[in-house]
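One structure is given here, and the rest of the page talks about it.
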Amino acid sequence: MSDMLTPDHARNMRILGHSDQGGRADGIQIMVSGGHAYVGHVFNNGFSVMDVRDPRRPRFVRHVPQPAGTWSQHLQTFGDILIVNNMRDMLRAENVAAGDYYRGSIGDRIDVAAQGYAAGMRIYDISDRANPREIAFLAIPGLGVHRVFWDGGDWAYVSALPPGFSDDIFMIVDFRNPERPEVVSRLWLPGMNTAAGERPTWDPKRRYALHHAIVKGDLACGAWRDGGVTLIDVSDRRRPRLIAHDNPCPPFAGGTHNTLPLPGRGLMFVVEEAVFDNCGDGIKRNWVYDISNPSNPVTIATTPLPADADYRTRGGQFGPHNVHENRAEGFQSEDLMFVSYQNAGVRVYDIRDPFRPEEVAACVPPAPARLMDYRPDRPRVVDTTDVYVDREGLVYTTDMNAGLTIMETVGL
């Protein structure tokens, strides 16, 4: 199914095409490769393949299921390889409906040795873009892999929760042979290795857990949710070394989600994730850091909050979620940042003056026709979750309920 949408709000952007993804309209991470989009699901299990060679008529191709009880909401592509995360489906785990997934460390509250789900990362050959073919599975015991960063090359960078740790940690995977990947090193924040006798020193209501790290060259920038940001030297992949750790939470709201290094400018663009309705977890922000001295990262600005409507009272989650991560096969800019903003759609920021970021474009798709979210009493509002920009500048977004939307900027 493909149809056209009229946005609720648009500035310097317009919608080109839309699809309900074959009836599985929920999506988290999206990657685009060879005229096809790969969308990880959060409510419908597995991932879907979309033919987007005609952006005005995106076409559902197939759904690829994962083992029962398994989340596979995050994925990565480069060349002819697709990586899909496998972890326990946390929305079906106890206490998660009440939001406990985001309140405090989960390693001591969730049975990470439970059966009934797959834990690791699954690798596919996508030389035939429409027909992914599984070629390997790297098992990582525990809760499973939350997210992977791999942009080609010999190494993949993983967040996962193995037994003995309070929450997700950083792992490096030797990926020189995609059919035989191997974990070669691990790194965590002091206090997380509970099996070794370490004890958390932070407020137990805070969740210190690696969401994921983005790696450019030999620098990995890690987003640790309420634990802030880290800069990690990965020049020796078997011995990663912590360079710096900065955490503005508290007094700010926390939930660090993306940490995008901009190496040509000595900057880092940081996105926090809003996770509760009606700003129940505070106002989440996008930060600009100066990391020209990697041992001393300094915050120098935040982006302006969307001001075209009162999104705080619209229902659902108001705040950022993801940023386009300057993928090697996609659009790359150290001046324009594309951010998915949940009930406020997509926002584009010009950070040429890093001390005074400006919003220069935005697009808010309409509310979904129906909900994929099976949790009770969910509001029927837009929830733009991820954004990918291809080399031609086309903007691909996913939604928790509303399917795939393809946009373009105008006049930027």
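The values are calculated or read from the model by the stated rules, or taken from the named source; none is laboratory data. Model, not experiment: these values are computed from the prediction. Positions of Cβ are generated from backbone atoms using ideal geometry, with glycine treated the same way; all protein chains shown enter the neighbour counts.
Checking Leu91 against (1) buried (at least 16 other Cβ atoms within 10 Å of the Cβ); (2) within 20 Å of the chain's Cα centre (by Cα); (3) over 21 Å from Glu325 (Cβ atoms): exactly one of these is not met. Which one?
All conditions are met except number (1).
Among (1) under 17 Å from Thr385 (Cα atoms); (2) charged (D, E, K, R); (3) surrounded by fewer than 19 Cβ atoms within 10 Å (Cβ to Cβ), where does Arg57 come up short?
For Arg57, the failing item is (1).
If you go through region 272-294, how many residues are closer than 18 Å to Lys205 by Cβ and hydrophobic (A, V, I, L, M, F, W, C)?
So the answer is 5.
Can you run down the residue pairs with Cβ atoms below 9 Å, 6 or more apart or on separate chains, where the first is in region 170-185 and on the phi < 0 side of the Ramachandran plot and the partner is basic (Lys, Arg) and not in a loop (DSSP other than H, G, I, E, B)?
Between residues of region 170-185 that are on the phi < 0 side of the Ramachandran plot and residues that are basic (Lys, Arg) and not in a loop (DSSP other than H, G, I, E, B), the close pairs are Phe170/Arg186; Met171/Arg186; Ile172/Arg186.
Which residue pairs have Cβ atoms closer than 9 Å, lie 6 or more positions apart in sequence or on different chains, and pair a first residue in region 202-216 that is within 16 Å of Ile106 (Cα to Cα) and in a loop (DSSP other than H, G, I, E, B) with a second residue that is at pLDDT below 95 and of a type in the set (Phe, Trp, Tyr)?
Short answer, once both residue conditions are applied: Arg207/Tyr101; Arg207/Tyr102.
Can you tell me which residues in region 17-61 are in a strand (DSSP E or B), among the hydrophobic types (A, V, I, L, M, F, W, C) and more than 18 Å from Pro132 (Cα to Cα)? Reasoning before the result, please.
Step one: of region 17-61, the residues in a strand (DSSP E or B) are 17-19, 30-33, 36-40, 47-51, 59-61.
Still in the list and also among the hydrophobic types (A, V, I, L, M, F, W, C): 30-32, 37, 39, 47, 49-50, 60-61.
Hits for region 17-61: nothing passes.
Within region 104-143, can you find the residues that are over 16 Å from Leu161 (Cα atoms) and either among the acidic types (Asp, Glu) or in a loop (DSSP other than H, G, I, E, B) (or both)?
Scanning region 104-143 gives Gly116, Asp125, Ile126, Ser127, Asp128, Arg129, Ala130, Asn131, Pro132, Glu134.
For the condition more than 19 Å from the chain's Cα centre (by Cα), closer than 18 Å to Leu394 by Cα, at pLDDT below 95 and not small (Gly, Ala, Ser), what is the one hit in Leu5, Leu16? Please lay out each step first, then the result.
Values: Leu16 fails: at pLDDT below 95.
One residue alone meets the criteria, Leu5.
Listed residues Gly104, Gly40, Gly69, Gly116; which is under 27 Å from Asp281 (Cα atoms) and either modelled with pLDDT under 95 or of a type in the set (Asp, Glu) (or both)?
Answer to the selection: Gly104.
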